[in-house]
Amino acid sequence: MRVLYFSSSVGLGHVTRDVVLAKELAQMGASVTWVSSGAALAYLKLRGERTAAVSDRLLSLGDAFELALEKGKVSLGPLSLYSIYKTMRHNSAELSSFDLQDYDAVIADEFWELLGRKVERSFFITDFTRFKGRFNPLTSRLVERANSSLAQSLKGWRAYYVGLRPESNPSFAYFGQIFTENARKALKLGISSGGGALVTLGGTRAGLNLAKKLMREFPQASVLSPYLTSSWHEPSELLRSADLVFTMCGYGTLLEVAVLRKRAILFYPRNDFEQEDNAALFASRRGYRAYPMDSLPKDIVSVAKKVMSEDPDPPAFTDAAKDVAADIISHVRG
């Protein structure tokens with residue numbers, strides 16, 4: 001069975017779960033070819049995955065979204081909206097002549113540029129079911145239009161919700177989360193400690209200034225970032241042994257923090273509904289604190305000491321990659 005897998009270029013949380021789902025599909029007889037761009041494409045190439053040539057001509061939607069992040073909050077101004085629009089229009093044009101019918105199944109993980117295409121045996125992966133926003137009246141109307149467009153575009157696709165927060169929506173199948181490869185690897189090796197503090201930013205440049213501030217306060221901390229270190233693609237050992245993790249609230253790292261029961265201080269951009277929702281899952285639990293990116297506590301060292309004194313109580317998550325893969329296979333084979 002030939003599968004064409006489109007993975008979002010926004011951060012690394014999508015592609016790091018997608019490679020796990022692809023591995024489960026491969027064990028069920030699938031052969032996977034990838035389409036992505038930006039840091040996600042670099043990650044796939046680093047792993048030696050097979051990528052379609054069109055990937056090299058696509059622009060990174062992640063880079064466009066980063067323009068919307070200003071001083072620790074998401075602000076959808078004319079420049080960022082135009083950059084997002086231009087990127088999606090370019091990518092849609094590049095993909096318009098790409099023959100999807102050569103494949104037995106098409107999977108898209110929040111690859112928005114593909115939703116306008118009518119595809120047989122198509123599957124959509126997402127960790128949210130509707131856009132949210134607390135912006136000005138103009139952008140609020142755009143958010144509502146985006147939700148209407150999303151609902152319309154997903155008709156004909158089998159959609160899976162894999163978000164961290166349990167949610168019931170009849171338009172989305174829900175089996176649980178898709179663990180990252182690093183979470184699976186670290187769990188197999190067993191949880192350890194003694195590694196000190198870890199500053200990890202995921203796959204974006206959004207937290208670079210914050211990371212530099214944290215590194216001044218915690219000079220002995222280890223650092224993981226595709227923009228600050230060369231070991232970002234293999235963080236399982238650093239995360240497995242970390243005693244305290246400083247991180248943004250992206251999907252992959254929070255899932256890894258939870259399943260490894262790591263204490264963590266979390267930071268999220270204001271107006272980023274996904275990261276705000278993710279942060280809320282942890283904020284009131286022992287062993288965790290959550291702050292807006294633009295509000296680093298002046299007493300962060302004292303906060304860290306307090307967090308270290310608590311027994312972590314993370315949310316519980318379920319690795320549903322095998323179930324999602326089996327569901328996809330069953331729908332393809334009828």
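Full extension of the chain between N209 and D327 gives 38.3 nm of extra length, using 0.36 nm per residue less the Cα-Cα distance. If the limit is 29 Å between Cα atoms, which of K155/K262; K45/K188; K71/K132; K73/K155 go over it? Cα-Cα > 29 Å for K155/K262; K73/K155; rest within.
Within the listed set L12, L69, L46, the residue fluctuating most in the Gaussian network model of the chain (springs between alpha-carbon atoms under 10 angstrom) is L46. Modelled label-to-label distance, R165 and L79, 7 Å Cα→beta-carbon offset: nm? About 3.1 nm separates the two model spin labels.
Its relative contact order, with pairs defined as Cα atoms under 8 Å and 6+ residues apart, puts the chain at 18 percent. Taking a Cβ cut-off of under 11 Å around E49, the surrounding Lys, Arg, Asp and Glu residues balance to a net charge of +3, with basic ones at +1 and acidic ones at -1. Taking label points 7 Å from Cα along the Cα-to-Cβ direction, R141 and D102 give a separation of 4.3 nm.
If the elastic network links every pair of Cα atoms under 10 Å, which of V324, V54, V15 fluctuates the most in the Gaussian network model of the chain? Taking springs between Cα atoms under 10 Å, the residue moving most is V54. Here the 3J(HN,Hα) profile of segment 3-12, calculated from phi with Karplus coefficients 6.51, -1.76 and 1.60 at θ = phi - 60°, is 10, 9, 10, 9, 10, 4, 8, 8, x, 10 Hz, Gly and Pro shown as x.
Backbone amide hydrogens, once placed in the peptide plane, bring F124 within less than 5 Å of A108, R158, A159, Y160, excluding anything fewer than 5 places away on its chain.
When shorter helices are ignored and each DSSP H run of at least 4 residues is given -39500 (n - 2.57), the per-residue value for the chain at 222 nm works out to -12000 deg cm²/dmol. The phi-based Karplus calculation (6.51 cos²θ - 1.76 cosθ + 1.60; θ = phi - 60°) puts the 3J(HN,Hα) values of segment 176-181 at x, 9, 10, 5, 6, 4 Hz, whole numbers, x for Gly and Pro. Can you compute the FRET efficiency between S153 and A316 using 1/(1 + (r/R0)^6), with r the Cβ-Cβ distance and R0 = 22 Å? Round to the nearest 0.05. Approximately 0.10, to the nearest 0.05. Here are labelled values, [x] 16.1; [y] 40.1; [z] 18.4, and one is the computed mean projected area of the Cα convex hull in nm² for what I pasted. Which one? This structure yields the entry labelled [x].
Mind checking which of P219, P269, P315 has the largest fluctuation in a GNM of the chain, springs on alpha carbons under 10 Å? Sorting by GNM fluctuation, first place goes to P219.
Using the Cβ-Cβ distance between S31 and L189 with R0 set to 35 Å, the FRET efficiency works out to roughly 0.75. For S153, neighbours were defined as the other residues whose beta-carbon sits under 14 Å from its Cβ, and their charges (Lys and Arg +1, Asp and Glu -1) total +4.
Values in this text are rule-based calculations from the coordinates and carry no lab data. From a predicted model like this one, the values you see are computed outputs, not experimental measurements. Ideal geometry is used to build each Cβ from the backbone, glycine not excepted, and the neighbour counts take in all protein chains shown.
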